[in-house]
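Take a look at the structure below.
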Amino acid sequence: MLQQVQATTSDDAEASKPAPDIVEVALSKIQLSFSEVVMLADTPYDIQSAQGANVGVIAFRSGGFDDSQLTGALAIYDHPADLLAHYEHSPLAKSVIS
């Protein structure tokens with residue numbers, strides 16, 4: 001299912017990360033529930049924000065944080081190309097919505 005591109009900024013939410021407000025606004029804009037999406041993140045604050053909205057997270061080390069700081073992610077990859085290289089074993093391949 002192709003969606004129209006939507007964007008959110010901190011102006012759309014009462015509180016910024018790590019509060020879940022911006023994630024909840026994004027879900028509302030795209031009209032999907034938390035169980036239908038996975039968030040890509042590169043900071044612990046992103047992970048906390050997503051978890052506060054019950055959204056699963058795939059983390060990237062490219063944000064300068066080590067694995068111990070990215071705990072709570074469904075999986076951690078070096079960068080987006082690393083996720084693509086391991087796609088068949090990733091949370092994305094395991095949760096494809098038909």
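None of the figures in this text is laboratory data; all of them are computed from the coordinates on show. Here the structure is a predicted model, which means the values were calculated and not measured. Virtual Cβ from ideal backbone geometry, glycine too; neighbours counted across all protein chains shown.
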| said: So, R0 is 25 Å and r is the distance between the beta-carbons of S16 and S62; what FRET efficiency does that work out to, to 0.05? | reply: 0.75
| task | Take the alpha-carbon positions of segment 15-94, form their convex hull, and give its projected area averaged over all directions (one quarter of the hull surface) in nm². | result | 5.1 nm²
| Charge-dipole axis of the chain as Lys and Arg at +1 and Asp and Glu at -1 on Cβ define it, positive-most pick from H89, I22, V57 | H89
| said: Which one, D66, D82, D21, has the greatest fluctuation when you compute a Gaussian network model over the chain with C-alpha springs under 10 angstrom? | reply: D82
| query | To the nearest 500 deg cm²/dmol, what mean residue ellipticity at 222 nm is calculated for the chain from DSSP H runs of n ≥ 4 alone, each contributing -39,500 (n - 2.57), summed and divided by the residues? | reply | -7500 deg cm²/dmol
